[in-house]
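The values are calculated or read from the model by the stated rules, or taken from the named source; none is laboratory data. Computed from a prediction, not measured in an experiment: that's the story for all the values here. Note that we place each Cβ from the backbone using ideal geometry, even for glycine, and neighbour counts take in every protein chain shown. Ligands, DNA and RNA are stripped out before the accessible areas are found, and what is left, the full protein with its side chains, is counted by its heavy atoms. Shrake-Rupley method; radii C 1.70, N 1.55, O 1.52, S 1.80 Å.
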There are 2 protein chains.
Amino acid sequence: MTAVRIVEVGPRDGLQNEPALVPTDLKLRFIRLLVDAGLTEIEATSFVSPKWVPQLGDAEQLWPRLPGGAKYSALVPNARGLERALACGVRRLAFFTAASEAFNRKNVNMGIAESLAGFEQMMSVLKERGNRSEFWVRGYVSTAFECPYSGRVEPKVVVSVCRRLIEIGVDEVSVGDTIGVAVPREVRDLTRSLFEEIEPGRIAYHFHDTRGTAVANVAEALELGVRCFDSSAGGLGGCPYAPGAGGNLATEDLVYFLDRSGIETGVSLEPLAMASLPIFDLLGRPPQSKAQIAALSLAGPSQAGTE
Amino acid sequence: MTAVRIVEVGPRDGLQNEPALVPTDLKLRFIRLLVDAGLTEIEATSFVSPKWVPQLGDAEQLWPRLPGGAKYSALVPNARGLERALACGVRRLAFFTAASEAFNRKNVNMGIAESLAGFEQMMSVLKERGNRSEFWVRGYVSTAFECPYSGRVEPKVVVSVCRRLIEIGVDEVSVGDTIGVAVPREVRDLTRSLFEEIEPGRIAYHFHDTRGTAVANVAEALELGVRCFDSSAGGLGGCPYAPGAGGNLATEDLVYFLDRSGIETGVSLEPLAMASLPIFDLLGRPPQSKAQIAALSLAGPSQAGTE
């Protein structure tokens, strides 16, 4: 048991937000390298419609070939996705909603209440399957600080959505700064509000580093007692039209920060820094993680990625 | 009076660490844009030998043409540099030493004690000039957390060098994480040690974002009571052989963090984000600051720098 859990979301949330289609074999190589680096919780894919997200259209082909050594989860957007995931034998599932009505409607074309009602039905399906404890379910709550359409989001709204998810039966909520605007002061306010209603052990944060604040936000949440963070190897999932733009917090930046802070993660930075390079080669751009680039530079400029 | 002072070091520390020679006119345009964005303390150049740092070889040409609206300082490495600076009418001066013997020797070819003895002589020159209060002097203490040659640096060593600088008469010490390794826990330890001997108002931090921890370190120092931070527009001064490598904390990342935290800086992010673009055009690479890229992206992808 490590002091802090890292949920690697690069293969799903990262690749979903990159324009290129990554071949299944290359995804498997990437995931193998992540496991070799010590990551033990990996969100591997999404059982979303390939029409919506062609990048993850190979979920059925990928899942049975995932390497041993880690626990894999998959996003299931709806009953159809759940059916597909269960047919593949997926036991760790993630649902997705938002703290902003406007964002949820733009993103999944329904209100938050409707999303939650869908999750309840999906939880019923799991219960019908027999032993509920066979499954682990995570609920994402995106735009937990600000919505790109409706502005600031109040902590009480986020708490209310998280509480509903817990009532429905999810094991963990992952609270997301989807557009990467938050600063530690906001993280403190939200965390304190969440702790009033939800056990710290059931809360994860999913920070984006769009404006360079993600590590500072992790530091604040960690100080307050949060012990699970999502991140994406190489910062995969950035906004590729602007070179250097930050999307997901990079796993390398998270691991460097935790390591140097004396917090056990079980992940080795050097192999981790190499893991996403084949993907960035395919994407035709350099990795986004500063700790990764520093680690690769120390290994010699000739290995510094795709330059 | 703003709540936090920002010392912009892009024109000196940034350009000193870029391979290209930037023409004086372009430097002046850059500085003009920095002033227009609201920066009021700018380290404009160094009176170092042009043989050592050709990038700043135009100090005498630059200084008299600096635009109004800001206080400018210049680095003076030695008595010869001081003489040149005083001949130009420089009134805000910065000295440079390290907390690591090994680094100081590699960097300026003398031990720390010898550096400090040189500063004492330079302070005597200022006193001979008449009114000491006419001058403002800053002392840089680099490698305050770790030295690339000799490893970790103990807080007590840093405190001792800072105390000597204060005794010699500097108005402010700027404590630098030169290789960008520190995490908030280390910043907390060092800050508490510094506060035992030195007034908080005389301490600035100079963080590098080599591994993505600089904003987190600012957040920690700010929480403890430090009120002055150095930064470089666009993160100028990075390591150009590795795309995306971080050097100086980017002023845009600092300003975004402070703004969103409700702390007055007097600086406007949007014009600031534009200020370094002519320099990055010349350098032939995109800016390094995530908050800058985000600000430029919001202004439209076509303005996102040098892509």
> What shape does the range A:87-187 have by the C-alpha gyration tensor, where a ≥ b ≥ c are the square roots of the eigenvalues, rounded means a/c under 1.5, and otherwise prolate means a/b greater than b/c and oblate the rest?
Replying inline: prolate
> Which whole number gives the average, over all residues in A:212-225, of C-beta atoms from other chains lying within 10 Å of the residue C-beta?
Replying inline: 6
> Looking down the axis that turns A into B, which residue of A has the closest beta carbon, and how many Å out?
Replying inline: A:216, 2
>> Of all beta bridges DSSP finds with both residues in the protein assembly as shown, what is the antiparallel percent, to the nearest 5?
In response: 10 percent
> How many Cβ atoms of partner chains, on average, are near each residue of A:284-292 if near means within 10 Å of its Cβ?
Replying inline: 5
> Put a dot 7 Å past each Cα toward the Cβ at residue A:223 and residue A:156; how far apart are the dots in nm?
Replying inline: 2.7 nm
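How long are the semi-axes of the equivalent ellipsoid of the range B:51-108, taking √(5λ) for every eigenvalue λ of the Cα gyration tensor, in whole Å from largest down?
That gives 24, 13, 11 Å for the three semi-axes.
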> Between residue B:79 and residue B:26, what is the spin-label point distance in nm, taking each point 7 Å from the Cα along the Cα→C-beta axis?
Replying inline: 3.7 nm
> In the range A:5-303, what percentage of the DSSP-assigned beta bridges are antiparallel, given to the nearest 5?
Replying inline: 10 percent
> Which Cα, out of B:224, B:165, B:184, lies furthest along the positive dipole direction of chain B (beta carbon charges, K/R +1, D/E -1)?
Replying inline: B:165
> Among A:200, A:148, A:287, whose mean-square fluctuation peaks in a Gaussian network model of chain A (Cα, cutoff 10 Å)?
Replying inline: A:148
>> Taking the Cα centre as origin and putting +1 on Lys and Arg beta-carbons and -1 on Asp and Glu beta-carbons, what dipole magnitude results for the range B:1-42, to the nearest 20 debye?
In response: 60 debye
> For residue A:36 and residue A:91, what is the calculated FRET efficiency with R₀ set at 25 Å and r taken between the beta-carbons, to the nearest 0.05?
Replying inline: 0.65
> Hey, for residue A:151 with labels 7 Å out along Cα-Cβ, what do the inter-copy distances come to in nm, ordered shortest first?
Replying inline: 5.5
> So what does the Cα-only Debye profile of the range B:5-303 read at q = 0.11 Å⁻¹, as log10 I(q)/I(0), no solvent term?
Replying inline: -0.60
>> So the label point sits 7 Å from Cα along the Cα-to-Cβ vector; using that for residue B:68, what distances do you get to the other copies, in nanometres, sorted shortest first?
In response: 7.7
> Which of A:108, A:69, A:137 sits farthest toward the positive end of the charge dipole of the range A:5-303, with +1 on the Cβ of Lys and Arg and -1 on the Cβ of Asp and Glu?
Replying inline: A:108
> Roughly how crowded by other chains is peptide B:254-263, in terms of the mean Cβ count from those chains within 10 Å of each of its Cβ atoms?
Replying inline: 4
>> What's the magnitude of the charge dipole for the range B:5-303 around its Cα centre, counting Lys and Arg as +1 and Asp and Glu as -1 at the beta-carbon? Answer in Debye, nearest 20.
In response: 440 debye
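Quantify, in whole percent, the carbon and sulfur part of the accessible surface of chain A (1.4 Å probe; protein heavy atoms only). The partial results should precede the final answer.
Working: 5620 of 11280 Å².
Reported share for carbon and sulfur atoms: 50 percent.
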>> Quick query: amide H of residue B:46 versus all other amide H atoms, modeled in the peptide plane; which residues come in under 5 Å with a sequence gap of 5 or more or a different chain?
In response: B:75
>> Explain nothing, just the number: dipole magnitude of the protein assembly as shown about its Cα centre with +1 on each Lys and Arg Cβ and -1 on each Asp and Glu Cβ, in debye rounded to the nearest 20.
In response: 240 debye
> What are the lysines whose alpha-carbon lies under 27 Å from the alpha-carbon of residue B:156, with same-chain residues fewer than 8 places away excluded?
Replying inline: B:106
> Taking the label point 7 Å from Cα in the Cβ direction, how far apart in nm is residue B:192 from each other copy of itself, listed shortest first?
Replying inline: 2.2
> Mean 1/r over all different Cα pairs, inverted: what Kirkwood radius does the protein assembly as shown give, in Å?
Replying inline: 25.1 Å
> Which of the lysines could a cross-linker bridge to residue A:71, judged by Cα under 29 Å and excluding same-chain residues fewer than eight apart?
Replying inline: A:27, A:51, A:127, A:290
